Every structure is written in C-alpha cells, then in structure tokens.
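Notes to accompany the following structure.
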Amino acid sequence: MEENKELEVIENSIVQRAESVALQTNSPHLLPNIDLISKFAESIKDSTLGKNFAKLVDGKETIDTMDIVSNIAIGYEVGFQPMTALTFGKRLNQNTLISILKGRAMGIDPITAMDKIGIIPKKKGDGVSIAVDVSIINKCLADALVKIEILEDYQPVYNYYKNGKVDDKIDEEEVLIDGVVSDKFFIIKSSTTKEEVASAKTDNKILLTRSEYTKRTKIRFSREITKTVITISYTLQLATNAELFRGTVEANVVTGAYVTEGKDNWNKYPDVMLRNRTLSIGGRIIAGDKLQGVYEYESEVKDIF
C-alpha cells in the first residue's frame, strides 16, 4: 500500500512539474524533469506495468529502465499521462509516435491512429511508407464533405465483336451509354433465341457477341466546397499489369505479355482490393488536403514495400 502511494506521489510530481513548465513556456508537450521520470521508471520495473517492457537479452528476460523513460517521454509528446503511456508498454514507440503525429494532422484521435495508421519499412531499406486502414480514408472523406457513389462494384467488363468476329472489335464506349446498351446494337448471349436474333436484324440492329475481359469498380466523388466531381475506375487487368493480381500481364513497348502470380491479398479478396484501391486513388485526388498523400494498406502497400 505504501509503495503504491509512493508511486502515486512520484507520478503526481511528474505531472505537476510538466504543467508548471508548460505554463512558463506555453508548450504543453515539453518534457518534464528527467530525474523524476527516471526515478519513477526504476520504481515500477518489477510491477505489472513494468512487465510491459520485458525483452529477452541473451536468453534472459530483462527490463531496461530507459525503455520506460522513453515510453513516458513519447507519451508526453502526444499528450498522454504517464500511466496511460505505460499501459501501452512497448507499443508506444518511435513508429507509433509517427502514426499519432500523422493522425493528428489528419484529424484522427491517438488511439485510432495507433491502431489504423501503420509505418511500413520499405523492403529495399530506403525509408518507410505511411499506410492507413480504409476506414481512415472513409473518415477523412466524410470530414471533407465528399460524397461517394459506387457506380460499379466488381462488375464484369466485356470485349465486344461485330457478327462474332474477334478481329472486328468495337469499343465499350460506343456500345454502352451510361451503362446501357445503345439502341443500335443487339447483344447475342447464350440464352438468346433465333427469334430474337431475327427481330434484331429486322430492326437493322448491329449484332454483337461479347466475352468477359476483366472486372471493374467505378466510384464517383463529389465535393461541394471545391465544386469538384471526378469518376475513378480500376480494373483487375490494371492490377495484373501491376503484378498485384494473378493473370497475364499485357504486352507493352518494354516487355511482351507474361504471367504473374500476383499478391496473396489481391488473389484472395479481389473485390475488396478493387474497391479500396479505387477509393484511395479518388480520395487522394479530391481531398488531398485531408489525406495528404497517404496510401491504403491492404490494396496499395501490403506485399509491395
């Protein structure tokens, strides 16, 4: 009981010292007296909170007082009281500090930032990338008063051919008007009857066959404050070309066509990845002041860096 009371006195001393310095310097996050923090850290090494900082050194569990001091110091940088910082233990570190500071700039509270904003080391060792959960993108767009309309969600995209000839291809933009087949065309499907084909010929319609080419998600973004409206789409073929989704990469001026195995998250959840990727691309364009160039983790960063 006396030990707990002593710890409480030390913690209160730290807080009071910080508040005093903050009032004198007009800086609420200035680090308080390091001697008090060190004494406090040494006092709790063997407590339940201290166990949050245990690590193995040469096969032996060790608690370094400076890890606790660093934890409390980082906590002050983001406005946490010592006990709050200690509760997070080793989770409150350099990376989470960056997450919290980035979240602050985006209007995200510290706890959510720690959980939903990640710092990803690049595989080549040249720095880090900041990536966010799609929920952060949705919140930022909502805060920016951006209206989102999903026009297509993992919908098939077709190649169209006149009279069934694959060398007589016609562009989708000519066939579809606002997603509806133009009156001058008739699409022959597996369920089409001879009578329907005959009727289409009588009406002088152009007969088309089609084959599925890829899947696509299309989203319209509108922001009243800037009077901006954009429509962004992304397809599985584009993901394949970027070696994200399994399939045949289209030939270009640099390489010929080749097969890619894709990435695990795209291969398992292609519909979700398409939606997240489209949302992230459009969000960075229409609300760059809110998203500040961040990327969505699952569809844009995972397995890449």
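The values are calculated or read from the model by the stated rules, or taken from the named source; none is laboratory data. As the structure is a prediction and not an experimental result, all values here were calculated from the model. Using ideal geometry, Cβ is built from the backbone for each residue, glycine included, and neighbour counts are taken over all protein chains shown.
Here are the numbers for this structure:
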| item | result |
| --- | --- |
| Within the stretch 139-150, tally of residues that are touching a residue at least 40 places away in the same chain (Cβ under 8 Å) and loosely packed, with under 15 Cβ neighbours inside 10 Å | 5 |
| Flag if ASP289 is under 17 Å from VAL146 (Cβ atoms), among the acidic types (Asp, Glu) and not in a loop (DSSP other than H, G, I, E, B) | yes |
| Answer from GLY79, GLY50, GLY59 - the residue that is among the small types (Gly, Ala, Ser), crowded, with 17+ Cβ neighbours inside 10 Å and farther than 30 Å from ILE281 by Cα | GLY50 |
| Boolean, THR278 is in contact with a Ser or Thr (Cβ under 7 Å, 6 or more places away or on another chain), under 30 Å from ILE188 (Cβ atoms) and either outside the structural domain of THR193 (by TED's automatic domain parsing) or in a helix (DSSP H, G or I) (or both) | no |
| Residues being free of Cβ contacts under 8 Å to residues at least 40 places away in the same chain and either assigned to a loop (DSSP other than H, G, I, E, B) or under 33 Å from the mean Cα position of the chain (by Cα) (or both) - total across the stretch 164-176 | 8 |
| Set VAL181, VAL134, VAL146: member being at pLDDT below 95 and either within 26 Å of SER222 (Cα to Cα) or of a type outside the set (Lys, Arg) (or both) | VAL181 |
| Answer from ILE225, ILE232 - the residue that is touching a Ser or Thr at 6+ places or on another chain (Cβ under 6 Å) and either surrounded by 16 or more Cβ atoms within 10 Å (Cβ to Cβ) or not assigned by TED's automatic domain parsing to the domain that holds MET106 (or both) | ILE232 |
| Qualifying residue in the stretch 190-201 (condition: in contact with a Lys or Arg (Cβ under 8 Å, 6 or more places away or on another chain) and of a type outside the set (Ser, Thr, Tyr)) | no |
| Qualifying residue in the stretch 154-163 (condition: among the aliphatic types (A, V, I, L, M), within 26 Å of ARG284 (Cβ to Cβ) and in a strand (DSSP E or B)) | yes |
| Sole exception among (1) at negative phi; (2) touching a strand residue (DSSP E or B) at 6+ places or on another chain (Cβ under 6 Å); (3) of a type outside the set (S, T, N, Q) for ALA144, by number | (2) |
